[in-house]
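Presented below is the structure to which this report refers.
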Amino acid sequence: MPSNEAQDLARIKKTLKELLVADLSLEDIKPEEIRDDEVLFGEGLGLDSLDAVEIVVILQRKFGLEVKDLENRKDVFYSIDTLAKYIYENKKNIS
Amino acid sequence: MKQVTERKRGNRLGFWFFRTSLKWTGLSGAYGLLYFVCLYYLIFDRTAVSASMAYIQRRFRAFNGIRKYLAVYRLFISQGKSLIDRYYVVSGLGQFDIELRGYDRIKGLLRDSKKGIILLTAHVGNWQVTMTALEKLGKTVYLLMSPEENAAVKNSLNIDSGNEKVKIISPDNFLGGIIEIMKAIDEGSLVSIMGDRSYGHSTSEVALLGDRAYFPHSAFSIAAAARCPVVVLLSAKVSTRKYVVDVSHVMEPRYRSRAKKKEEMEGFVQAYARVLEDYSAEYPYQWFMFHDIWGPENKAAAN
């Protein structure tokens, strides 16, 4: 993996974790405590469908991604790893 | 999300009977049959009567036992008429006059924003007639509902018919269909969500008909995140051949603090409950609430 890709992915994961904790109002959890491979929904982090709304909004507003491209992409929402990979591959205006 | 399983009523023979009488005798003849069929349900279907009582007892507090049973009977007949009317429309036997209240407002909302609208509806009136009324907006309407499992109901009422302008998003989809809902709103479409039953979703406590009831807040949470309006969608039968469809109640849910999002949504859920309370005051036998939304099992979902 080229080093700049690894750096980009690491930066995206860090930003994602910070946004999840802030926008989903996750109590008693710090961004650095979320594992990259932790399952987001159900088991693991325990997010629900209304949290998914906020994640979609994050992907739209913070990363400039289109919601229509996320249809039937269950795999994207599995973990921070899968979200970051999707953002990296589809990013348009990562801040 | 908790799965809710309910008994399905109606079979092919029953629907054939009503279809045939509708073709031969028209609406009034088919309505006449209802008085016998509903009497059967009133006497023998304890589950249906019991399920209706939670609403009837609160709506008609001054009624004694006999009058409450009569109210349940009227509620059954009213829902039967709604089903017959639905078949009447989808089978092309005729149309109803529809008065659409709030059309200019909803048209203005769609014109001024690229976003769609969440139509927050309830188990009231007749959604088939409502969909007919909304056709003039020229927008695709997505219904968040489970695919009809009762084949007799599905075939007779033309549900899941593949209508290009009315599409179904199943709550059984990944994340409860949230991605499809957000996509539809983004495309400027209308998304219809039932707001008067939780179906296992997280709820907010509201004052309703003199008691504390529990309504889901998901429609408001989605609208706040997607920055789109919520329009309460109601319909009511006002005469044998006329319906009123009301889209005049518009809300713009937003939250100032993400940490207190649920608390901030409660005000909007209460406003919706007040609209339904007013509706039940005007059309007491057209809120087909066959579920105890005041019951403790709904409260559990509120936590």
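The values are calculated or read from the model by the stated rules, or taken from the named source; none is laboratory data. It should be emphasised that the depicted structure is a prediction, and the values quoted were computed from it without experimental measurement. Counting neighbours? That spans all protein chains shown, and the Cβs are built from the backbone with ideal geometry, glycine included.
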Return yes or no: is B:Ser248 in a helix (DSSP H, G or I) and polar (S, T, N, Q)? no
Residue pairs meeting the criteria (Cβ under 9 Å; at least 6 apart or on separate chains; first basic (Lys, Arg), in the range B:66-77; second surrounded by 19 or more Cβ atoms within 10 Å (Cβ to Cβ)): B:Lys68/B:Ile56; B:Arg74/B:Cys38; B:Arg74/B:Tyr285
Kindly indicate the residue of the range B:247-276 that is crowded, with 20+ Cβ neighbours inside 10 Å and within 14 Å of another protein chain (Cβ to nearest Cβ) and also nearest to B:Gly108 (Cα to Cα) among those meeting that condition. B:Pro253
State the number of residues belonging to the range B:179-218 that are over 29 Å from B:Lys139 (Cβ atoms) and among the hydrophobic types (A, V, I, L, M, F, W, C). 5
Please work out which one of (1) at pLDDT below 95; (2) under 13 Å from B:Ile293 (Cβ atoms) is the condition B:Leu209 fails and give its number. (1)
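Residues checked against (1) touching a residue at least 60 places away in the same chain (Cβ under 8 Å); (2) of a type outside the set (Lys, Arg); (3) under 11 Å from A:Leu16 (Cβ atoms):
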| site | (1), (2), (3) |
| --- | --- |
| A:Asp51 | no, yes, no |
| A:Val57 | no, yes, no |
| A:Arg73 | no, no, no |
| A:Asp81 | yes, yes, yes |
| A:Ala84 | yes, yes, yes |
| A:Glu89 | no, yes, no |
Residue count for the range B:42-53, restricted to those that are surrounded by fewer than 19 Cβ atoms within 10 Å (Cβ to Cβ) and either farther than 28 Å from B:Gly26 by Cβ or touching an Asp or Glu at 6+ places or on another chain (Cβ under 6 Å) (or both): 6
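Just name the residue that is nearest to the other protein chains (Cβ to nearest Cβ) out of those in the range A:1-37 that are crowded, with 16+ Cβ neighbours inside 10 Å and not in a helix (DSSP H, G or I). Explain how you work it out, then say what you get.
Kept after step one, since they are crowded, with 16+ Cβ neighbours inside 10 Å, are these residues of the range A:1-37: A:8-9, A:12-13, A:15-17, A:19-21, A:23-24, A:26, A:31, A:34.
Now restrict to residues that are not in a helix (DSSP H, G or I): A:24, A:26, A:34.
On the way: A:Leu24: 8, A:Leu26: 10, A:Ile34: 17 Å.
Among those that are crowded, with 16+ Cβ neighbours inside 10 Å and not in a helix (DSSP H, G or I), it is A:Leu24.
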Within the range A:51-93, the count of residues that are of a type outside the set (Gly, Ala, Ser), surrounded by fewer than 17 Cβ atoms within 10 Å (Cβ to Cβ) and in contact with a Lys or Arg (Cβ under 8 Å, 6 or more places away or on another chain) comes to 3
Answer residue from the range B:68-96, given it is among the aliphatic types (A, V, I, L, M) and at pLDDT 95 or above and is surrounded by the fewest Cβ atoms within 10 Å (Cβ to Cβ) among those: B:Leu70
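Residue-by-condition table, conditions (1) in contact with a Ser or Thr (Cβ under 6 Å, 6 or more places away or on another chain); (2) more than 23 Å from B:Gly177 (Cβ to Cβ); (3) among the hydrophobic types (A, V, I, L, M, F, W, C):
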residue: A:Gly44; (1), (2), (3): no, no, no
residue: A:Leu50; (1), (2), (3): yes, no, yes
residue: A:Asp69; (1), (2), (3): no, no, no
residue: A:Arg73; (1), (2), (3): no, no, no
residue: A:Lys85; (1), (2), (3): no, yes, no
residue: A:Lys91; (1), (2), (3): no, yes, no
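Can we say B:Ser218 is within 14 Å of another protein chain (Cβ to nearest Cβ), under 30 Å from A:Leu59 (Cα atoms) and surrounded by 24 or more Cβ atoms within 10 Å (Cβ to Cβ)?
Details: within 14 Å of another protein chain (Cβ to nearest Cβ): yes; under 30 Å from A:Leu59 (Cα atoms): yes; surrounded by 24 or more Cβ atoms within 10 Å (Cβ to Cβ): yes.
So B:Ser218 passes the test.
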Surrounded by fewer than 17 Cβ atoms within 10 Å (Cβ to Cβ) and in contact with a strand residue (DSSP E or B) (Cβ under 9 Å, 6 or more places away or on another chain): does that describe B:Arg241? yes
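Which of the residues that make up the range A:44-68 are among the acidic types (Asp, Glu), assigned to a helix (DSSP H, G or I) and at the interface with another protein chain (Cβ under 8 Å from one of its Cβ atoms)?
If we filter the range A:44-68 for residues that are among the acidic types (Asp, Glu), which is where we start, we get A:48, A:51, A:54, A:66.
Subsequent filtering for residues that are assigned to a helix (DSSP H, G or I) retains A:51, A:54.
Within the range A:44-68, just A:Glu54 meets the criteria.
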